[in-house]
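The values are calculated or read from the model by the stated rules, or taken from the named source; none is laboratory data. Everything numeric here is computed off the predicted structure, so don't read it as measured data. Methodologically, a virtual Cβ is constructed for each residue, glycine included, from the backbone with ideal geometry; neighbour enumeration extends over all protein chains shown.
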């Protein structure tokens, strides 16, 4: 067999961390300096494994009687035939060996948007988070204006955004080499802004046209928006399996909605989040005509008749 061969050290997610060229066989692998490929791994033996040509001409990896051995597909092997896709673990080091003529796939379409990361999306995300925090405080503020409360709301909003984005950036650093904190902060800011816009729009539309479904089941839209945020975070960490991410996030949103419905049923005896629309806006925003007093009294009379009937039925059942 003719070389050269390339020994590739792999990360846990399969990314190549380092490549080392070896021109001939056998290839000695271990922690000692006399090896052809030195493992900087205290769990590897000084002379850990040997790669040589097998009887059929393929590469053969042999364990040299080490304590931790050679592990492939979760099982320890004394000897193992190697193809270009065979991944083995020596100690805590994961590697594979490929020949120079090993075929590689063509280049992928770049979907990572490298031009939109760093300080610019980070500042845009922080700005969105700050605006949402201040606007939320302004809507809920019923007291005299005090700047300290607004600064505190701004600090809490930015702190929550940094914690959320920092956790995703840590995962990005572990599984995708780069932290990309700015992109994750921008995704969080867009998600929070979308949640705020939905809350305002659903309240206004529901109040104007008496469409109470927007507020009674608004939590499910919020769950869907959060699932969308998670999807874009995952696609930033690892851009490849986007369809798989979409399926996972859709399943999580369905699971979350189901849990909300079950919780509402057990707590309140109904599926809706609230019994009636709790948002009151100026009367000028009403787009549907108001019910007359006579219509209101007719509804009250019908409700009274129903309650009286239920009370009489209950008394009869108790008398029996």
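Worth pointing out:
- Residue in segment 106-122 that is crowded, with 19+ Cβ neighbours inside 10 Å, at pLDDT 90 or above and over 30 Å from residue 57 (Cα atoms) present: yes
- Considered as a group, the residues in segment 206-254 that are touching a helix residue (DSSP H, G or I) at 6+ places or on another chain (Cβ under 8 Å) and exposed (fewer than 15 other Cβ atoms within 10 Å of the Cβ) include one that is modelled with the highest pLDDT, and that residue is 250.
- Any hit, segment 150-164, residues being in a helix (DSSP H, G or I), under 30 Å from residue 72 (Cα atoms), touching a helix residue (DSSP H, G or I) at 6+ places or on another chain (Cβ under 6 Å) and not assigned by TED's automatic domain parsing to the domain that holds residue 77: no
- Residue tally, condition outside any helix (DSSP H, G or I) and more than 23 Å from residue 117 (Cβ to Cβ), over segment 212-260: 2
- Filter result (out of contact with any helix residue (DSSP H, G or I) (no Cβ under 9 Å at 6 or more places or on another chain), surrounded by 11 or more Cβ atoms within 10 Å (Cβ to Cβ) and within 29 Å of residue 229 (Cα to Cα)) within segment 265-289: 265
- Some residue of segment 222-233 being touching a residue at least 60 places away in the same chain (Cβ under 8 Å) and under 15 Å from the mean Cα position of the chain (by Cα): yes
- So residue 257, is it in contact (Cβ under 8 Å) with a residue 12 or more places away in the chain, within 30 Å of residue 184 (Cβ to Cβ) and surrounded by 10 or more Cβ atoms within 10 Å (Cβ to Cβ): yes
- Residues (farther than 18 Å from residue 37 by Cα, within 31 Å of the chain's Cα centre (by Cα) and assigned to a strand (DSSP E or B)) located in segment 72-108: 72
- Residue match in segment 295-305 (condition: at pLDDT below 85 and outside any helix (DSSP H, G or I)): no
- Every condition in (1) on the phi > 0 side of the Ramachandran plot; (2) more than 37 Å from the chain's Cα centre (by Cα) holds for residue 69 except the one numbered (2).
- For segment 172-192, filtering for residues that are surrounded by fewer than 17 Cβ atoms within 10 Å (Cβ to Cβ) and either within 14 Å of the chain's Cα centre (by Cα) or modelled with pLDDT of 90 or more (or both) leaves 1.
- One residue alone among 32, 3 is in contact with a strand residue (DSSP E or B) (Cβ under 9 Å, 6 or more places away or on another chain), in a loop (DSSP other than H, G, I, E, B) and within 18 Å of residue 100 (Cα to Cα), and that residue is 3.
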